[in-house]
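The structure appears below as structure tokens.
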């Protein structure tokens, strides 16, 4: 048993989502969204480095020493998997570990809307799940892939950095590939995937132009592609994808996106007040013919109106999702106000008016 496993066991027992180990600081866990210090001496840099190196693969240690950053997955059989990130900082080394549940939560467990189950059964197209870091994108995608795994008889390839949720092949054959271990990059894996007879491709992060280009191409050539982006809303997601490309290519990409894009989910996590845990508020954009025209014509500023009038197609505004949670007393008014778009709508729920900065 590695020395660091004691911290992971504590994290698991407490139900923490993240563990922070930083030279010069006490260990810290994130509980229900808040950081809490563990009663333990501040960590010494040399001892922490030895503790971290005990669980890291040799090639990842080499990469860390060369670059000052590295990501990989670590598993304690029977306990949990963790996404690890090592980094250098002012007082020495540091590491953050995100717990990845060994049990994949289903779409029903998460209360995902029916349109996302339908997205898992599409023949082709691009489905994007977006949101800030730690907003539960991986959990939502895992539930969608789980539904596809149970309901289809197809080949699913996942490309992640590192591998997070591990799916056992059920109706589908699932191959998990990790960037840096099984393939050089997301783009290299996507190029390879097109020669591996896939039906569904999961791209863990669409972080550069080549990866985004290949994902769009794959979605337009008969594959169902799922991907994530760090954007805060559906219109901003579309803008972000297009703006990655040089100006002379943007019209062509808008056209490709208008035919390939099927669903965009932008999500935020909220602390529950009815029980322990957090709940996601989802903005859902379904690419109907009208929405596709807006994408093609560069009129993404009109998409929020399309979402409001597209409820019959499964669309949902973020504020509507937040209001539903608030009315059901799942979340508090302060959290709702903090993350909503139309502040005036949520102002009456606040006991005290918010502080206006500046």
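The values are calculated or read from the model by the stated rules, or taken from the named source; none is laboratory data. Remember, it's a predicted structure, so these values are computed and weren't measured experimentally. Methodologically, a virtual Cβ is constructed for each residue, glycine included, from the backbone with ideal geometry; neighbour enumeration extends over all protein chains shown.
Some notes on this structure:
- Residue 185 meets the conditions (1) more than 22 Å from residue 257 (Cα to Cα); (2) surrounded by fewer than 21 Cβ atoms within 10 Å (Cβ to Cβ); (3) in contact (Cβ under 8 Å) with a residue 60 or more places away in the chain in every case but one. The failed one is (3).
- Only listed residue being out of contact with any helix residue (DSSP H, G or I) (no Cβ under 6 Å at 6 or more places or on another chain), buried (at least 19 other Cβ atoms within 10 Å of the Cβ) and not in a loop (DSSP other than H, G, I, E, B), chosen from 201, 174, 216: 174
- The residues listed here are 282, 257; of these, the one that is touching a residue at least 24 places away in the same chain (Cβ under 8 Å), in contact with a strand residue (DSSP E or B) (Cβ under 7 Å, 6 or more places away or on another chain) and crowded, with 21+ Cβ neighbours inside 10 Å is 282.
Conditions (1) in the same structural domain as residue 291 (by TED's automatic domain parsing); (2) at pLDDT below 95; (3) part of a loop (DSSP other than H, G, I, E, B), marked per residue:
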{"residue": "303", "(1), (2), (3)": "yes, no, no"}
{"residue": "306", "(1), (2), (3)": "yes, no, no"}
{"residue": "312", "(1), (2), (3)": "yes, no, no"}
{"residue": "335", "(1), (2), (3)": "yes, yes, no"}
{"residue": "341", "(1), (2), (3)": "yes, yes, yes"}
{"residue": "352", "(1), (2), (3)": "no, yes, yes"}
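- Any hit, region 169-176, residues being over 25 Å from residue 314 (Cα atoms), assigned by TED's automatic domain parsing to the domain that holds residue 286, touching a strand residue (DSSP E or B) at 6+ places or on another chain (Cβ under 8 Å) and in contact (Cβ under 8 Å) with a residue 24 or more places away in the chain: yes
- Scan of region 125-158 for residues that are assigned to a strand (DSSP E or B) and either modelled with pLDDT under 95 or out of contact with any helix residue (DSSP H, G or I) (no Cβ under 9 Å at 6 or more places or on another chain) (or both), ordered by number: 155
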